[in-house]
Amino acid sequence: MRIVVGQGSCGIAAGATKVSTALENEITQRNLPVSLELTGCCGTCYLEPVVDIYDEHNEKTTFVMVTPDMAGELIDIALEGKTPVETQIISAEDMEAQAKQKKVALRNAGSINPEDINDYLAVDGYKAIEKVLTTMSPTEVIEEIKISGLRGRGGAGFPTWFKWNAAYQQKESPKYMVCNADEGDPGAFMDRSVLEGDPHGIIEGMLIGGYAIGASEGIFYVRAEYPLAIKRLEIAIEQAREKGFLGKNILGTGFDFDLWIKAGAGAFVCGEETALIASLEGERGMPRLKPPFPAQKGYWQKPTNINNVETLANVPWIFRNGGAAFAAMGTELSKGTKVFALTGKIKKGGLVEIPMGLSLREVIFDIGGGILDDKAFKAVQMGGPSGGCIPAQLLDTPVDYESITKTGAIMGSGGMVVMDETTCMVEMARFFLDFTRKESCGKCIHCRMGTKRMLEILTRITDGKGKEGDIELLEELCEKVKEGSLCALGGTAPNPVLTTLQYFRDEYEAHIYEHKCPSHQCTHLLTYTISEEACRKCGICARNCPTDAISGSKDVVYVIDQDLCIKCGKCKTVCPFKAVDVD
Amino acid sequence: MQCCKGQGPQAPDPTVSGVDLSLLIPVLEKYKSKPGSLITILQKAQDLYGYLPIDVLDYVASETGIKPPNVYGVATFYTQFRLKPIGKYLIMLCMGTACHVNGASAIEDAICDELKIVDGETTEDNLFTLNNVACLGCCSLSPVMMINGETHAKLTPDKARKILREIRKQDQLETGKEATS
Ligand SMILES: Cc1cc2nc3c(=O)[nH]c(=O)nc-3n(C[C@H](O)[C@H](O)[C@H](O)COP(=O)(O)O)c2cc1C
Ligand code: FES
């Protein structure tokens, strides 16, 4: 009998470590022959903490939203065959949502123990590199990747075989293989989950890539905010060295390859390839002009290939199952699967991996369960600060690189932040510009000053001080910032503004011309009033008003003095009769 | 650019901190001859001292041969590096997209009100420092904050206040114990 507790960062945040400790205490107290193990994130973050119990026939029962005080009961159920209460185990509906997915990059996350190489070996781990090293030449490896149609999952969607081939063609040595685990998009955590849940899978991908391009050194550039991912990678690298999958003369084939980890220090722009290289060299992470491309002159001016975590996670699968099997999934130009981090106003937030080509509606409603509190869907943000907001009328857009780009957003690395009717789109654009303004490295004037000016205008609009001509000025600035920026940070920074202007222009206009925020989010534009009919003259609003802006009595209906009102909304939250209106 | 955070230049504290520089010797021994290690050295230094005092930056510059402006340049470029000391508990409040959509600014208001500090500041009793960050990778449990490595998820303003009060109470108990024992 095995008990497995999901302990990715998300599970731990939900209390999984405490659950694990409680289970351990229970097991030692009762002196039971049960092994307690850990695994990564299985994707159903909304059900965390998740505990899987495998019986003697290896049949799995999944328990959800487990609390430490359920430990004793879980053991009873597992040992004595007591039937669990329905709410304790995963529902049929949730199982169905899982079944609609196709796990390639996430194939092991949430099922194996990421801190034990034997678990990875038991699921045919390191078989792909064995096959590659013993039966294939680097050009054959690149050819197989070409057949698979794999494109970069880091955002740009560049064909992976092309990048590998470009690095392979270089005569100079040494060459370097770099894994981009900077995952800068705020609101996305695919790479974190893969690293935490299946570190050996990425190491194997790095080995195959390294062999293909002719590198003997690989580097993981990992975000500083991901300490657990770094820890598990360190453990995995150490174990892989012990077993001879890293180091000199790997598997007796004469191939040398080793890996080390560089922790980032917190800068979004360092996800950009040339900035990442500058950061690896210990400098400020400032992008530089391309060409020369990293494949020609990268880390220490040597040929360097940079791939995203998820891109690499697909690689071992491709060599075990064949490039054609990968290409059989997805659409004409976007092959395989894609992992998304489904968050925001969504019922079932978490990680999903789907074959390319499913529609946004299927992802958000069928797998994600729809909108929180059954509110109305307004938009989904894809691609983070470089992406855009896709509105409801485009929900049937298939999820593939070309179709998403056509909407004005980008596929990006996999962030999907869902917004409902209460999210103000102007405020959303302001949020992203605030982010890009802070994260601009400052090298290009258009990016450095342009984003600042755009932020000022957007702040002015959300503060209710928007002016006639602001929209046009924003549009002009968008063009200029796009044109005048060296790297894609500035080049794509206007996207959140452009897409919201394209699909939600009426919201901008309402802010500027009618001094109204249709989503009731921008506080400066709200007016609170008390409905004469609904008010029962209880006075609770007046007692809670921090500025004494509300007057009335047992006999007189309460009214708000608009000059004193600071629009904090306290009266609306405390009124038991829903008598406070906001517009 | 992160260097000024919109609140004027975040210049290194000019008063020499007087920290024990010798603690850094093993780190420098290991990394100073490896090109490209400046960020790693600064990370290790920050682990040792909790922040990067100006004498540490100068020391790193003189030992590695990297020019002082370049060391300051790197130290001010990356958000992870702090040039001022922090409180005993470092609150990293997520301001990422998912947390933002799910009400991170209300959490920020509650924390600022509870502790009477704003982003980047430390409470007078040196107990708490508030740092807004972009995404802790727990987006599906948003809004989220991390205090000294422990993640607190699905926050509400009240829950956030309660967590802070709890920590303060716990801390008083512990320091009280130390004082009496
Ligand atoms: C501002 C900026 C930030 C980026 N951040 C990331 C990131 O966090 N992770 C990532 O894999 N790629 C990121 N990229 C894309 C990388 O530059 C690069 O295209 C990618 O790592 C290549 O790997 P792939 O071909 O496997 O996708 C970013 C690009 C830009 C311009
Ligand atoms: S957006 Fe807050 S944890 Fe990711």
Seminar exercise, completed: Counting only DSSP loop positions in the stretch A:137-190, the trypsin sites (Lys or Arg not before Pro) whose Cβ has at most 15 other Cβ atoms within 10 Å are A:171
For this session: Provide, as a two-decimal number, the C-alpha radius of gyration of the stretch A:323-402 over 2.2 N^0.38 Å, N being how many residues it has.
Result: 1.12
For this session: For the protein assembly as shown, count all C-alpha to C-alpha pairs, find those more than 53 Å apart, and express that count as a whole percent of the total.
Result: 11 percent
For this session: Would you list, by chain and number, the aspartates and glutamates whose Cα falls below 15 Å from the Cα of residue A:18, excluding same-chain residues fewer than 8 positions away?
Result: A:26, A:37, A:48, A:69, B:150
For this session: Tell me which residues come under 5 Å, amide H to amide H, from residue A:258 once H is placed; ignore anything under 5 positions away on its chain.
Result: A:217, A:218, A:247
Problem set entry | Spacing of the two label points (7 Å from each Cα toward its C-beta) at residue B:125 and residue B:67, in nm | 4.7 nm
Exercise. Which semi-axes, in whole Å and largest first, does the equivalent ellipsoid of the stretch B:50-177 have when worked out from the alpha carbon gyration tensor as the square roots of 5 times its eigenvalues?
Worked result: 30, 19, 11
Exercise. Does the stretch A:297-450 come out rounded, prolate or oblate by the C-alpha gyration tensor, with a ≥ b ≥ c the root eigenvalues, rounded set by a/c under 1.5 and, if not, prolate when a/b is larger than b/c and oblate if not?
Worked result: oblate
Exercise. Seen from all sides and averaged, what is the projected area of the convex hull of the Cα atoms in the stretch A:373-430, in nm²?
Worked result: 4.1 nm²
Seminar exercise, completed: A student applying the Cα gyration tensor rule (rounded when a/c is under 1.5; otherwise prolate if a/b is larger than b/c, oblate if not) would label the stretch A:399-515 oblate
For this session: Select from the stretch A:470-539 those GluC sites (Glu not before Pro) which occupy a DSSP coil region and have at most 16 other Cβ atoms within 10 Å, ordered by residue number.
Result: A:514, A:532, A:533
For this session: For residue B:89, enumerate residues with amide H under 5 Å from its amide H, sequence gap 5+ or separate chain, H modeled in the peptide plane.
Result: B:128, B:129
Exercise. Considering the stretch A:84-212, what Rg and Dmax in Å follow from its alpha-carbon atoms?
Worked result: 17.7, 64
Exercise. How high is the FRET efficiency between residue A:32 and residue B:47 when r is their beta carbon distance and R₀ equals 30 Å, given to the nearest 0.05?
Worked result: 0.15
Exercise. In nm, what is the difference between 0.36 nm times the number of residues separating residue A:116 and residue A:574 and their Cα-Cα distance?
Worked result: 159.6 nm
Problem set entry | Full-extension gain in nm, residue A:67 to residue A:531, via 0.36 nm per residue minus C-alpha separation | 162.6 nm
Exercise. Just for the stretch A:117-327, what percent of DSSP beta bridges are antiparallel, to the closest 5?
Worked result: 15 percent
Exercise. For residue A:502 and residue A:543 in one chain, what is 0.36 nm times their gap in residues minus the Cα-Cα distance, to one decimal in nm?
Worked result: 10.3 nm
Seminar exercise, completed: For the stretch A:2-98, shape from the Cα gyration tensor axes a ≥ b ≥ c, cut at a/c of 1.5 then a/b versus b/c, turns out oblate
For this session: When you have a sec, figure out the Kirkwood radius of the stretch A:215-284 from all distinct Cα pair distances and drop it here in Å to one decimal?
Result: 13.3 Å
Exercise. Sorted from largest down, what three extents in whole angstroms do the Cα atoms of the stretch A:146-300 have along their principal axes?
Worked result: 41, 36, 33
Problem set entry | A:134, B:123, A:529 arranged by Cβ crowding within 10 Å, fewest neighbours leading | A:134, A:529, B:123
Exercise. Just B:36, B:103, B:120 to compare: in a GNM of chain B, with alpha carbon springs under 10 Å, which one fluctuates most?
Worked result: B:36
Exercise. In deg cm²/dmol, rounded to 500, what helix-only [θ] at 222 nm does chain A give when every DSSP H run of at least 4 residues adds -39500 (n - 2.57) and the total is split over its residues?
Worked result: -11500 deg cm²/dmol
Exercise. If the stretch A:315-365 were replaced by its equivalent ellipsoid, with semi-axes equal to the square roots of 5 times the Cα gyration tensor eigenvalues, what would those be, largest first, whole Å?
Worked result: 25, 13, 6
Seminar exercise, completed: Expressed as a whole number, the average count of other chain Cβ atoms within 10 Å around the Cβ atoms of A:347-356 is 1
Exercise. So how far, in whole Å, is the C-alpha centre of the stretch A:1-20 from the one of the stretch A:399-442?
Worked result: 32 Å
Exercise. Rg/Rh for the stretch A:527-582: what does it come to with C-alpha atoms and Rh from Kirkwood?
Worked result: 0.89
Exercise. Can you list the chymotrypsin sites (Phe, Trp or Tyr not before Pro) in the stretch A:51-139 that are in a DSSP coil and have 16 or fewer other beta carbons within 10 angstrom?
Worked result: none
For this session: Just tell me which lysines come within less than 16 Å, Cα to Cα, of residue B:159; anything on the same chain fewer than 8 places away is out.
Result: B:169
Exercise. Residue A:388's amide H: which non-local residues (gap 5+, or another chain) put their own amide H closer than 5 Å, with H modeled 1.01 Å from N in plane and none for Pro or chain starts?
Worked result: A:382, A:410
For this session: For peptide B:90-99, compute the average count of partner chain beta-carbon atoms within 10 Å of each residue's beta-carbon.
Result: 6
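All of the numbers you see were taken from the coordinates with simple rules; none came from a lab. Since the structure is predicted, the reported quantities are computational estimates derived from the model, not experimental observations. Ideal geometry is used to build each Cβ from the backbone, glycine not excepted, and the neighbour counts take in all protein chains shown.
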